[in-house]
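As structure tokens, the structure follows; a few thoughts come after it.
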Amino acid sequence: MSTSGRIADVLPAVRGAVEDLGSVAVPTTERDRERRRIAALCAPFAVLLVVAGVYPLLEVVRISVSVERFETVGFTLSAYRTLVTDPYYRRVAFNTLWFAALTTLVSVALAVPIAHALEKYDLPGEGLFVTLVSFPISLPGIVAAFMMLVLFGNNGVLTNVVATFAGANPTDVAVAVSVPGLFLAFVYSMVPRATLILRGTYAEVEEAAEEAAQALGATPLQTFRYVTFPQIRPGITGALILTFRTGLAIFGTLIVIQTLLVWTLQLDRELSAGAFPVAGAMATVYFVFVFGFTALGLRYTSAEVGL
Amino acid sequence: MTALSRRFGRPAVTLVLLVTVTFLIAPVALTIVGSFAREWTGVFPAGFVTFRNWAEVLGLADSIGSQRSMGWDPLVVLPVGDGLTLMAPAELLFSVGLALGGVLINLVVGVPIAYAVSRYEFRGKEWVNAVSVLPLVPGVILGVAFLRAYPVLSGTSFGLIVGYSLLKAPFMVMAVQSEFESMPLRQLEESARSLGASWPRTFLTVVVPNARSGIVSGAIICWTLAAAEFNFSYVVWAKGTQPLALFLQRHISNSTFTKAAAAVSMFFCIVVAITLLLQAFGTRGFDTRGT
């Protein structure tokens, strides 16, 4: 009796869903036809997302709770327990977070004046500057690392200049393969991306208000502080969130300059060691963390969605 | 205090720009210069001009071991005389092809969803938009996922192409969407429909050609990023011809400094060349059809 009652409750909902599907497949009204078009337009992306994104990620979650190393069998949380209790992994997590946070702050702090100069000042050769600042966006992390070797490595130009003046051995002065060198390599990759986002924000700043402030005697600093800054603040928040994501995802740079053990590098080492459950758990934690803070960041701040 | 920012504000901001641009571009220039040098042990590279580094990297001179250069594969056999075989450097060709494959998938999945979000109102639109423009999975994580889900397929060209296309799809959607948003989509669609074109025909022959500049720039961005993709390739690649980014990494880690400089410079050249090529090809291809 109760079962049939429940079925009777469920039935209209099921029928509704079936009718929805039916109207998409065999549309009768213009509204139905539009829905079918939207479904058709979204379908290719959805297929790619499921085949290349959702299903592989589910497999990662399954292996992370597997009892066996190479097969998905049983259920255990031991990989996650290792991540939480082992001080080694806690230190890796700590390294990852402070390093990405600090490089993000420095990169965005540099990107604000760069975007300001490019958008507000009439500089000679402005188009060239835009091209030059954007060029490193298409360089992979390994190339960014090589750029740091060129400047600060054992053979590096700046290393040799400093060594010549200080009368020291170049290898003692070289900083490329050190944590500060890695820091500069991160900033090399992140500044152009942060600048790209902030230039977009600057393009929407209302100039009339700035001109009014200037006309009323505000200094450039006051104009920036009280008129420009409030307008670009959502852009800065967005740039912070997305540059932080970039910083967390960096991996190639770390392959060349292996001086700091962060999450992505450790993940690769687990893979090489064949520790699939731990690697899977690390990937899952990473994905959930990044997804979570991006969603929260974009939901609860006025940041703009973008790359 | 107030005079300070009036006096030094603009020079200080401009200085930050100049120093940063120097920091970004000076090593690029030094790398290109260094690739033509015989040795680079002092402050500046020395022993100009030699093409030996380039020749070795491109596989035109003999090299061994982990420093070995590109292999050469037959590309096409021309019907001249006994059949003249055109050869192409394998790694280069491989990466160009992989990235183009990724761009093709991006066109098929990216352009329609960008149109759906720009043109129509529907439930869950914000979510569809967020999912399509945010790069959700970083390369390393996607690599691990591919290894688990498709153990056989992940290391093949097909696996690499599919991975690249998912990783770079947001850039295509963003570029095309911003183009669509500057177009009067509703009028365009309704005019074409009222003149008797079916909806699929309207989309393919009216809407898409009109958005060509956004589509071409999206394709260029996706191509460059896919050709440079290292993280995903590094995790899934197993054997055979290496994608370009792995080839670069092998040289950076193992070769002499000048030779690594030649390999990296070659990459700079490719990025610039293909960008110009796609731009020229893209606009011409669409223009002849449009008029």
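For segment A:107-121, indicate whether the set of residues that are open to solvent by 40 Å² or more (accessible area, probe 1.4 Å), closer than 30 Å to A:G200 by Cα, without any contact (Cβ under 8 Å) to a residue 24 or more places away in the chain and within 25 Å of the chain's Cα centre (by Cα) is non-empty. Show your work before the answer.
Applying the first criterion (open to solvent by 40 Å² or more (accessible area, probe 1.4 Å)) to segment A:107-121 yields A:109-110, A:119-120.
Filter again for closer than 30 Å to A:G200 by Cα, leaving A:109-110, A:119-120.
Subset that is without any contact (Cβ under 8 Å) to a residue 24 or more places away in the chain: A:109.
Now restrict to residues that are within 25 Å of the chain's Cα centre (by Cα): A:109.
Yes, the conditions are met somewhere in segment A:107-121.
When you check B:A116 against the structure, is it facing chain A (nearest Cβ under 9 Å) and either closer than 26 Å to A:D32 by Cβ or modelled with pLDDT of 85 or more (or both), yes or no?
For B:A116, the condition - facing chain A (nearest Cβ under 9 Å) and either closer than 26 Å to A:D32 by Cβ or modelled with pLDDT of 85 or more (or both) - is met.
Facing chain B (nearest Cβ under 9 Å) and either crowded, with 20+ Cβ neighbours inside 10 Å or at pLDDT below 85 (or both): which single residue out of A:V143, A:V175, A:V162, A:V179 fits that description? Before the answer, list the steps.
Numbers: A:V175 fails: facing chain B (nearest Cβ under 9 Å); A:V162 fails: facing chain B (nearest Cβ under 9 Å); A:V179 fails: facing chain B (nearest Cβ under 9 Å).
Being facing chain B (nearest Cβ under 9 Å) and either crowded, with 20+ Cβ neighbours inside 10 Å or at pLDDT below 85 (or both) holds for just one of A:V143, A:V175, A:V162, A:V179, which is A:V143.
Per-residue answers, yes or no, for (1) of a type in the set (D, E, K, R); (2) in a helix (DSSP H, G or I); (3) at pLDDT below 85; (4) open to solvent by less than 30 Å² (accessible area, probe 1.4 Å):
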residue	(1), (2), (3), (4)
B:L204	no, yes, no, no
B:T241	no, no, yes, no
B:I252	no, yes, yes, yes
B:T258	no, yes, yes, yes
B:V272	no, yes, yes, no
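Filter segment A:244-266 down to the residues that are within 11 Å of chain B (Cβ to nearest Cβ) and either over 19 Å from the mean Cα position of the chain (by Cα) or more than 17 Å from A:F99 (Cα to Cα) (or both) and list them by number.
Listed by number, the residues that qualify are A:V256, A:I257, A:Q258.
Within the bounds of segment B:66-88, is there any residue that is within 14 Å of chain A (Cβ to nearest Cβ), at pLDDT below 80 and open to solvent by less than 80 Å² (accessible area, probe 1.4 Å)? First the steps, then the outcome.
Within segment B:66-88, the first condition is being within 14 Å of chain A (Cβ to nearest Cβ), and the residues that meet it are none.
Checked segment B:66-88: no residue is within 14 Å of chain A (Cβ to nearest Cβ), at pLDDT below 80 and open to solvent by less than 80 Å² (accessible area, probe 1.4 Å).
Mind counting the residues in segment B:143-164 that are open to solvent by less than 20 Å² (accessible area, probe 1.4 Å), within 7 Å of another protein chain (Cβ to nearest Cβ) and not aliphatic (A, V, I, L, M)?
2
Could you tell me whether A:A249 is more than 20 Å from A:L105 (Cα to Cα) and surrounded by 19 or more Cβ atoms within 10 Å (Cβ to Cβ)? Full working, then the answer.
Values: more than 20 Å from A:L105 (Cα to Cα): no; surrounded by 19 or more Cβ atoms within 10 Å (Cβ to Cβ): yes.
Against the criterion (more than 20 Å from A:L105 (Cα to Cα) and surrounded by 19 or more Cβ atoms within 10 Å (Cβ to Cβ)), A:A249 does not qualify.
For segment A:270-296, which positions are small (G, A, S), more than 8 Å from every other protein chain (Cβ to nearest Cβ), assigned to a helix (DSSP H, G or I) and in contact (Cβ under 8 Å) with a residue 24 or more places away in the chain? Walk me through how you get there before you give the answer.
First, the residues of segment A:270-296 that are small (G, A, S): A:272-275, A:279-281, A:283, A:292, A:295.
From what is left, the residues that are more than 8 Å from every other protein chain (Cβ to nearest Cβ) are A:272-275, A:281, A:292, A:295.
Among the residues that remain, those that are also assigned to a helix (DSSP H, G or I) are: A:272, A:281, A:292, A:295.
Scanning segment A:270-296 gives a single hit, A:A281.
One residue is enough: does segment A:149-158 have a residue meeting the conditions under 26 Å from A:L105 (Cα atoms), open to solvent by 10 Å² or more (accessible area, probe 1.4 Å), more than 9 Å from chain B (Cβ to nearest Cβ) and of a type in the set (F, W, Y)?
yes
Does A:T72 satisfy the criteria of being touching a Ser or Thr at 6+ places or on another chain (Cβ under 7 Å) and within 10 Å of chain B (Cβ to nearest Cβ)? Write out each step before concluding.
Details: touching a Ser or Thr at 6+ places or on another chain (Cβ under 7 Å): yes; within 10 Å of chain B (Cβ to nearest Cβ): yes.
It is true that A:T72 is touching a Ser or Thr at 6+ places or on another chain (Cβ under 7 Å) and within 10 Å of chain B (Cβ to nearest Cβ).
Residues that are touching a Leu at 6+ places or on another chain (Cβ under 7 Å) and in contact (Cβ under 8 Å) with a residue 40 or more places away in the chain: find the helices (runs of 4 or more DSSP H) completely inside segment B:88-194 holding 2 or more of those.
On the way: elements: B:90-119, B:125-133, B:139-149, B:157-181, B:185-194.
Of the helices (runs of 4 or more DSSP H) lying wholly inside segment B:88-194, those with at least 2 residues that are touching a Leu at 6+ places or on another chain (Cβ under 7 Å) and in contact (Cβ under 8 Å) with a residue 40 or more places away in the chain span B:90-119, B:139-149, B:157-181.
The values are calculated or read from the model by the stated rules, or taken from the named source; none is laboratory data. Computed from a prediction, not measured in an experiment: that's the story for all the values here. For neighbour counting, all protein chains shown are included, and Cβ atoms are generated from backbone atoms with ideal geometry for every residue, glycine included. We work out accessible area using only protein heavy atoms, side chains counted, and drop any ligands, DNA or RNA first. Shrake-Rupley method; radii C 1.70, N 1.55, O 1.52, S 1.80 Å.
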